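The values are calculated or read from the model by the stated rules, or taken from the named source; none is laboratory data. Predicted model only: the values in this text are computed from it and were never measured. As a convention, Cβ positions derive from the backbone with ideal geometry for all residues, glycine included, and neighbour counts pool all protein chains shown.
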Amino acid sequence: MEQAQFLLAESHFNLKQWIEARGEYGSFIVNFPGSPFAETAEYRKAVSSFNIEYRIDRDESNTTTAMKDFERYLANHPNTPLRDSVNYYYDRLVDRMAEKEFQTGRLYLRMEKPQAAVIYFKEFLEAYPKSKRREEVLFLISDAYTDLDQFEPAREYLAIAQNEAGDDKDIKKRIEKAETKIAKAEKTYEKKLQQEAEKKRIQKEEKNLVN
């Protein structure tokens, strides 16, 4: 029975039937915890979880399940020679989580909700400091602050992008373009404030004349 169940799990795995493979490996681990194949089964259970269909616009439960499977495998087998492989898969799962957060923040920008976008992007930078999306997020959070008429924070995040860009000419051009956008928005905002102040002054004078 031990061999039969393990081979059944292997068959599903080789046929890339990931849901079935994960289920059979899980049953094998429960039924035969002392088997010499138990470690292999636990590793391939996690790999099966990783390969189950994933879409960025859906619930990320498949991703969190796969992360827990790999965490459990490492906890049970801390000296595994497969640690590099586990780290590879785990890092890709983290990238999935990061991409989900990135897309949510960008969606808020598209919905013209820059304050919500700022919150999401700040959390993103804190949670995923090494993400491939980091550079893009720095520009997007600067855009969001510009939309909020908060120009100093907008410039601060551009400065971070500039500091991290090094000698990248394309990034420098993008920074210059963003700085121009901020300056233009700042002038528009100042003009708006002046118009509002003038309007209030006129209203006050008219009120005094009536009194």
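Checking PRO78 against (1) more than 22 Å from ILE19 (Cβ to Cβ); (2) crowded, with 17+ Cβ neighbours inside 10 Å, only one condition comes out false. Which one?
(2)
Can you name the condition, by its number, that ASN62 falls short on among (1) outside any loop (DSSP other than H, G, I, E, B); (2) within 26 Å of SER11 (Cβ to Cβ); (3) at pLDDT 95 or above?
Here ASN62 clears every test but (3).
Could you grab me the full set of residues in segment 97-124 that are in contact with a Phe, Trp or Tyr (Cβ under 7 Å, 6 or more places away or on another chain) and either buried (at least 18 other Cβ atoms within 10 Å of the Cβ) or not in a helix (DSSP H, G or I) (or both)?
ALA98, GLU101, PHE102, GLY105, TYR108, ALA117, VAL118, TYR120, PHE124
Could you grab the pairs with beta carbons closer than 8 Å, sequence gap of 6+ or different chains, first residue in segment 164-183 and in contact (Cβ under 8 Å) with a residue 24 or more places away in the chain and closer than 16 Å to PHE151 by Cβ, second one assigned to a helix (DSSP H, G or I) and among the aromatic types (Phe, Trp, Tyr)?
Going by the 8 Å Cβ cut-off, the qualifying pairs are ALA178/PHE139; ILE182/PHE151.
For the structure I just gave you, tell me whether SER35 is surrounded by 13 or more Cβ atoms within 10 Å (Cβ to Cβ) and not in a helix (DSSP H, G or I).
yes
With respect to the numbered conditions (1) touching a helix residue (DSSP H, G or I) at 6+ places or on another chain (Cβ under 9 Å); (2) closer than 13 Å to GLN3 by Cα, which one is the sole condition not fulfilled by LYS16?
(2) is the only condition that LYS16 fails.
Return the residues of segment 129-181 that are farther than 26 Å from ARG96 by Cβ, among the β-branched types (Val, Ile, Thr) and surrounded by 18 or more Cβ atoms within 10 Å (Cβ to Cβ); say none if nothing qualifies.
Answer for segment 129-181, where residues must be farther than 26 Å from ARG96 by Cβ, among the β-branched types (Val, Ile, Thr) and surrounded by 18 or more Cβ atoms within 10 Å (Cβ to Cβ): THR146, ILE175.
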